[in-house]
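The values are calculated or read from the model by the stated rules, or taken from the named source; none is laboratory data. Everything numeric in this text was worked out from a predicted model, so none of it was measured. Quick reminder, even Gly has a Cβ in these numbers, built from the backbone with ideal geometry, and neighbours come from all protein chains shown.
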Amino acid sequence: MKKEIFPSGEKLSKEQIVHYLNCDDDIELQKLFDLAKKVRNSVCGNKIYSYGFVYFTTYCRNDCNFCYFRASNKIERYRKSKEEVLEISKALIDDGVNLIDLTMGEDPEYHKEEFQSVLEIIDVIKGEYETPVMISPGVISNEIIDRFAERNTDWYALYQETHNKELFSKMRIRQSFEERMDSKTYARDKGMLIEEGLLAGIGESPEDIADSLLIMGDIKASQMRVMSFIPQEGSPMENFKTPTRRGELTIIALMRIMYPHVLIPASLDVDGISGLKDRINAGANLVTSIIPPKSGFMGVAHSTMDVDEGGRTIAEVKVILNDMGLELATKEEYVEYEKQLRSYQRYI
């Protein structure tokens, strides 16, 4: 018998999802956003969770057409030391983030060493700092996933960006759709929570997005992310236009209504701190891409926006949330929520 830890979501059909994605009626969309907030509040109350973002290597072996850090782009790159990663992680934890998101390009150097230094970093964050960890290493072998799982790494984030295989092949050049899907489902089966993600505005159709939302549920993603495409200098898509944010906000609302239990990020990496309120009002329950000012670490969609200026800090986030009648959750409250997510996943 299914244990009702979280309320069950609306079983929207593909046709219903497409209807909302095509909707240009402000009144109807506002009702959708209001329902999404109501659902979030029924699950999370007035609490919003927070992740510290540590993008510790910008080297990558891939040549994704949408990415600033693609292998063939002639840019300055960095590879932070273990000590630097831990220093920034500790600073973020002391500021009050709930989890450390260790993000990286698919750096060949880490593959050569079989991620030993990353595993050592996780040991310190999980052990000495007593803080949950998300790892975003790209596609890795099952043996490496086993090693992350053995250390009780909380999350494995691996985004398809689209579940339209033809479009995927145009975005992630010479990469396997199936291999990427298999990696995340293997990590899930080894006990890690998984995050799946979409990129909005890359040539997908409303039907493609609807398929993705349904697939996210099918693979039991516990965190679902959508970000609007931002054109990147030096990439083949640098002359593409960024979409209006209505699509991203509608997708957030649909995710919340369909999957009340999941963590849905309001990422500071797209529009900086100015975009936080709209995403929270669409149903997001998590603030991501929090970075200490003048840290030497970069973002992804926007590599520098609001970073050195201090616009991606816990202090800035608190001010906005408090004005909205919301508050940041403590690490202890987050850990309890994560426990509930794990328990819930065993019953769906």
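Brief remarks follow.
- Per the listing Glu143, Glu109, the residue uniquely in a helix (DSSP H, G or I), in contact with a Phe, Trp or Tyr (Cβ under 8 Å, 6 or more places away or on another chain) and acidic (Asp, Glu) is Glu109.
- Selected residue (criterion: surrounded by the most Cβ atoms within 10 Å (Cβ to Cβ)) from residues of the range 83-120 that are among the acidic types (Asp, Glu) and closer than 30 Å to Ile48 by Cβ: Asp101
- Yes/no for Arg225 being within 20 Å of Thr103 (Cα to Cα), touching a residue at least 40 places away in the same chain (Cβ under 8 Å), in contact with a Gly (Cβ under 9 Å, 6 or more places away or on another chain) and surrounded by 22 or more Cβ atoms within 10 Å (Cβ to Cβ): yes
- Residue tally, condition modelled with pLDDT of 95 or more and aromatic (Phe, Trp, Tyr), over the range 315-348: 2
- Options Ser169, Ser212; residue that is over 23 Å from Ser267 (Cα atoms) and at pLDDT 95 or above: Ser169
- Checked against the criterion of being loosely packed, with under 14 Cβ neighbours inside 10 Å, over 26 Å from Gln16 (Cα atoms), more than 15 Å from the chain's Cα centre (by Cα) and not aromatic (Phe, Trp, Tyr), the candidates Lys331, Lys294 yield just one match: Lys294.
- Selection count, the range 256-279, where residues are more than 13 Å from the chain's Cα centre (by Cα) and either of a type outside the set (Val, Ile, Thr) or within 15 Å of Leu214 (Cα to Cα) (or both): 14
- Selected residue (criterion: nearest to Ser235 (Cα to Cα)) from residues of the range 75-106 that are part of a helix (DSSP H, G or I) and acidic (Asp, Glu): Glu84
- Some residue of the range 296-313 being out of contact with any Phe, Trp or Tyr (no Cβ under 8 Å at 6 or more places or on another chain) and in a helix (DSSP H, G or I): no
- Residues that are assigned to a strand (DSSP E or B), among the hydrophobic types (A, V, I, L, M, F, W, C) and within 28 Å of Asn73 (Cα to Cα) do occur in the range 152-160, at least one of them.
- When Arg180, Arg151, Arg147 are screened for being in contact (Cβ under 8 Å) with a residue 40 or more places away in the chain and among the charged types (D, E, K, R), only Arg180 passes.
- Index of the failed condition, Ala284 passing every other in (1) more than 17 Å from the chain's Cα centre (by Cα); (2) under 29 Å from Lys190 (Cβ atoms); (3) not in a helix (DSSP H, G or I): (1)
- Test result for Ser42, exposed (fewer than 13 other Cβ atoms within 10 Å of the Cβ), of a type in the set (Gly, Ala, Ser) and either without any contact (Cβ under 8 Å) to a residue 60 or more places away in the chain or over 28 Å from Leu326 (Cβ atoms) (or both): no
- The single condition among (1) of a type in the set (Val, Ile, Thr); (2) crowded, with 23+ Cβ neighbours inside 10 Å; (3) not in a strand (DSSP E or B) that Thr185 does not meet is (2).
- Residue selected from the range 51-67 under the condition in contact with a Lys or Arg (Cβ under 6 Å, 6 or more places away or on another chain) and not polar (S, T, N, Q), by the criterion nearest to Phe168 (Cα to Cα): Cys64
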